[in-house]
Amino acid sequence: MTKLKLFLISFYLIIPSFLFSQEEATNAILNKSLQKIAVEFRTETNFNKAQYFFTNQKWDSTLVYCMKQLNSNQNKELADYCHYLRGNSFRQLKLFREAKKELNLVSKKFVFYPLVNKTLGECSLEIKEFEKAIYYFNEVEKSPNFDKQGIKIRIIYENLGVSYLHLSQFNKAEEYLFKSKKLLEKEKKSESLFLLYTNIANLYYVQYKDQQAIPYFEKAYSLSKKIKDFESKEMASKNMSVVEENKGNNFKKALIYRKEFDQWKDSINNQNKVWAVADFEKKFAVAQKQKQIKVLEVENQLKNSQRNWLFFSAICLLFLLTAGVYLYAQKVKNAKIILLQKDKLDELNATKDQLFSIVSHDLRSSVNALKTSNAKLSATLETKNYDELNQLIIQNSGIANGAYSLLDNLLHWALLQTKQLYFHKESVHLFSIVQQIEYDYKPLLIDKSIAFENSVSKNIFIFVDLDSLKIVLRNLLDNAIKFSNENGKISFYTQENNSEPCQLVLQDTGLGMDEDTIAAILKDNELLAKKEKSEAIGTGLGMQLCKQMIKKNGGAIRIESELHKGTKMILTFLKTEQNG
């Protein structure tokens, strides 16, 4: 039991940053004051830019213009504002020691000094200087009218409670955490209550007061259902898993919580990947914007020069006119470049949205099916019904193979859309390729008792990219197996003569399709499709991939099919010249 408790304590120690997500980086009162100061010192361009970027949470730009202001003007009031803005910006960038150095430069006469102490306390808590954090939060509590600056006393109480908890001063920690609880329960904010209940539960748990801790863990878990933050859900389920393990009488329930924790952990990992892509795109956009700002600054300097030299002579006027024409031409040229870049970016965004749509729809369906099947598998294990267990294992394998095929197609489709897929055409022996594909799918053919016939002419060589041809044939054969009944038949054969391209036919005796379904499959960008009277659901991504790769190889595809009478997929490729 001791080992499990220590595991939970170590988990608690790594989450102090959650405490500060409840409050905005800048509040309306501070922003309003900054706007008034900016109007009063309207001639101070650097300060005006700094407060603008701070209000819009552009931390790097805030740091730059605050430093420019400090270097250009010695006004003490503006200096206090600049030091505070820089300190808060460093904090938002998680440079906590730099933030403390900057905030300590603010004079105590600063009107927002309670806010300075609050930020210093939060930075100290982040870097585990808990005694200093307590000092700063106590200073905030002593300050008169601190609530008029947008500071909520419940947050100060909670921060004090967490600081004392880290110092193992449990009585003090309990006093402040319950002060915060009394105020927060009136506000009924689910995310804030979740964090507070978790802290109170940990307070009791580290003292081995399980009976007092468990109700708060349960309250926190209940609140996690109402909030969207994956990390909070992960934390709640993990804590409940450890609680149930410590009880020692319900390991089944502990396992349920552990599975839920693994689910949220996977969701966080996927979310982090998406956020990493979004962060990269944001940085790229910022870099482009900074380039544009530099261009505009150069243009403004040129215009000022033109206006000053206008008064000297007619020759200078002619020169400026010429320069103006040149600048206009450059601006038109730049506008065209920006427009082209915008079109390209829109195209990439459309591709990205399409990819996300596929991932969110189909992978979620596969994972949900696997989750449901695993739940049945767990129940079947208890009943020891081995026949049903075998069927569920086969079903899980099928779902996993389907998800793998989707991911494989998705990868190749993404590479094809972004023009990163390498194509190298060469002479390919068609019979051998079909033979290889048959070997890859032999287990699936045997599983459904489907007969396979390779009647492709052994004398035919076609001029294609080998890897893309294999992808096309694998997808088409996979579909033929999927939509064929047991004891069916799948055939590959060729229709060709010496003067025309080679026609490769894949024929099955499966479900078949009506004319509307054929038209939908052949339509460009038709990604979602469902075969009638079948449980098999597909994205249509495989067919889109096949069509694009066939087109890339200079070929064509045609479909002949009737409902319940099977389907013919007819592929046309150019033959190698010496066999033409």
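Quick note: the coordinates plus some simple rules give every number you see, no bench work behind them. Quick caveat, the model's predicted, so the values are computed rather than measured. Cβ coordinates were reconstructed from backbone atoms using ideal geometry, including for glycine residues, and neighbour counts include every protein chain displayed.
Observations on the model:
- Across the cross-link table entries K36/K76; K109/K181; K152/K189; K336/K552, which are compared at the Cα atoms, the separations over 22 Å belong to K109/K181; K336/K552.
- Sorting the segments 481-489, 236-244, 201-209 by their mean number of nearby beta carbons within 10 angstrom, highest to lowest, gives 236-244, 201-209, 481-489.
- Peptides ranked, highest mean first, by Cβ atoms within 10 Å: ranges 459-465, 432-438, 84-90: 84-90, 459-465, 432-438
- Each principal axis of the Cα atoms in the range 68-122 has its own extent, and those three values, largest first, are 29, 22, 13 angstrom.
- Set of aspartates and glutamates near K209 by C-alpha distance (under 18 Å), chain-local residues within fewer than 8 positions excluded: E174, E175, E218, E244, E245
- Over 25 Å (Cα to Cα) - which of K148/K182; K448/K565; K100/K228 fall in this group: K100/K228
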